[in-house]
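Here the structure is laid out as structure tokens; the discussion comes afterwards.
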Amino acid sequence: MSDKNTRTLRSESSAVSLSMELTTLEHALRGASLLAELLANHDLPEEETQRMAPHCISAQLALVNARLRHMGRVIRGEEDAETLWAPYNATSPSPRPGDDEDVRLVSKSAPLFARSARKTTVRKPRARRAEKRPEKPPPVDGAQPAP
């Protein structure tokens, strides 16, 4: 896919399909498993392929591991969903007719109309919250201050 097509697709989609992401990782794990099985059974066609197979398996597992950790950060809200976006997992922020009940991870930088309808609360900075606190009354003589 050309860079221009990727940019156009990315601008039209501000959400990531969790189902497509997990399916892609499942396929990568299945590929590593098949390669390991071929290696164990000595069914690889060439000596060079046999020599490279462990490195390929290790690389696939490292990529799946990194992608799963990345997904975890996005789900926990530590990173924006946009950092997980790829052409294979692109989806619309809201379900379209005929879509399954996929979980969509929507980018925080998505247009307001594209975001989910959930209500979000914006907290005031600590300094401003501290200004609004009422002062504590002075302690009454003979009373012990609360811990």
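The values are calculated or read from the model by the stated rules, or taken from the named source; none is laboratory data. This structure is a prediction, so every number in the text was calculated from the model and none was measured. Cβ sites come from the backbone with ideal geometry, for glycine too, and all protein chains shown count toward neighbours. When the accessible area is computed, the model is the full protein with side chains, heavy atoms only, and any ligands, DNA or RNA have been set aside. Shrake-Rupley method; radii C 1.70, N 1.55, O 1.52, S 1.80 Å.
Worth a mention:
- Residue 99 meets the stated requirement of being open to solvent by 60 Å² or more (accessible area, probe 1.4 Å) and farther than 18 Å from residue 27 by Cβ.
- Per-region count, the range 44-65, residues more than 24 Å from the chain's Cα centre (by Cα) and of a type in the set (Val, Ile, Thr): 1
- Filter pass, residue 30 being within 23 Å of residue 80 (Cβ to Cβ) and among the charged types (D, E, K, R): no
- Looking only at residues of the range 69-96 that are in a loop (DSSP other than H, G, I, E, B) and acidic (Asp, Glu), we find that the one that is surrounded by the fewest Cβ atoms within 10 Å (Cβ to Cβ) is 78.
- With respect to (1) closer than 13 Å to residue 105 by Cβ; (2) surrounded by fewer than 17 Cβ atoms within 10 Å (Cβ to Cβ), the lone exception for residue 66 is condition (1).
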